[in-house]
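Peer 1: Can you read through this structure? Questions will come right after.
The values are calculated or read from the model by the stated rules, or taken from the named source; none is laboratory data. Bear in mind that the values here come from a model prediction, so they are computed numbers and not experimental data. Don't worry about glycine lacking a Cβ; one is built from the backbone with ideal geometry, like all the others, and counts go over all protein chains shown. Note: accessible area is taken over every heavy atom of the protein model, side chains too, but ligands, DNA and RNA are not part of it. Shrake-Rupley method; radii C 1.70, N 1.55, O 1.52, S 1.80 Å.
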Amino acid sequence: MALYVTTNDVLVALNNTIPFNHVSIPCNTGNVIPIASGVLTIKGNTRNRFARYRVTLQGNIAVPEGGDVTAIALGIAINGAVIPESVALFTPQAVSEYGHINTEAVITIPCGCCASVSAVYVDGTEDDPATVPTPSITVRREASITVERIA
């Protein structure tokens, strides 16, 4: 298991990744490699036909001062594409009101292949085309992403 966290509050723009800047628990097997701030590479190193990972994202999010109160969401992305089932939505009642989100995805990587995994701030208002999403959110320190090999 590998665990990456944010060590301070960060402002994240729409469709951008959350920067996990601290390795709390490193991957000792070389299957999870941080390649950029907030982007991880997971490998399909296995004797089987595939490797399977459980990726868990959790943290507290809010609309920052000066933003419009709208639904906000985080999702887990693989190779830049957000996995729809992984999107966690929070609708605050006011600016700077934090809400906790927790979501996970199971990702299968073929033997010998790699994939990039990240946490992304996505549009939480897509069901209401008349609403414009807030351009950025605040992610509270100690948000985390965990990658665990399960098969």
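Peer 1: Along the charge dipole of segment 1-83, which of Gly44, Val5, Thr56 sits closest to the positive end, that is, farthest toward it, with unit charges on the beta carbon of Lys, Arg, Asp and Glu (+1, +1, -1, -1)?
Peer 2: In segment 1-83, that residue is Gly44.
Peer 1: Per residue, how big is the convex hull of segment 85-151 when only Cα atoms are used? Give it in Å³.
Peer 2: Residue-normalised Cα hull volume stands at 132 Å³.
Peer 1: What's the ranking of 20-30, 70-80, 45-55 by average number of surrounding C-beta atoms within 10 Å, highest first?
Peer 2: Highest mean packing first, the order is 70-80, 45-55, 20-30.
Peer 1: If you don't mind, another one. Hey, can you grab everything whose amide H is under 5 Å from the amide H of Phe50? Only 5+ residues off in sequence or another chain; H modelled, so Pro and N-termini drop out.
Peer 2: Those qualifying (amide H under 5 Å, at least 5 residues apart or on another chain) are Cys111.
Peer 1: Leaving out ligands, DNA and RNA, what percent of the accessible area of the chain is carbon and sulfur, probe 1.4 Å?
Peer 2: Reported share for carbon and sulfur atoms: 49 percent.
Peer 1: Per the Debye formula with a single identical scatterer at each Cα and no solvent contribution, what log10 I(q)/I(0) holds for the chain at q = 0.16, 0.21 Å⁻¹?
Peer 2: Values, matching the q order: -0.80, -1.24.
Peer 1: Also, I was wondering about something else. Under unit Cβ charges (Lys, Arg +1; Asp, Glu -1), what dipole magnitude, rounded to 20 debye, does segment 59-151 have relative to its Cα centre?
Peer 2: It comes to approximately 380 debye.
Peer 1: Using a 1.4 angstrom probe, figure out how much accessible area the chain has per residue, in square angstrom, rounded to the nearest whole.
Peer 2: Value returned for the chain: 50 Å² of accessible area per residue.
Peer 1: With θ set to phi - 60°, apply the Karplus curve 6.51 cos²θ - 1.76 cosθ + 1.60 along segment 46-52 and write out the HN-Hα couplings as whole Hz, x wherever there is a Gly or Pro.
Peer 2: 6, 8, 8, 7, 7, 10, 10
Peer 1: Continuing with the same structure: Using the Cα centre of segment 95-149 as the reference point, and only Cβ charges (+1 on K/R, -1 on D/E), how large is the resulting charge dipole? Debye, rounded to the nearest 20.
Peer 2: Result for segment 95-149 is approximately 340 debye, rounded to the nearest 20.
Peer 1: Output the relative contact order of the chain, whole-number percent, from Cα pairs under 8 angstrom with separation of 6+ residues.
Peer 2: 39
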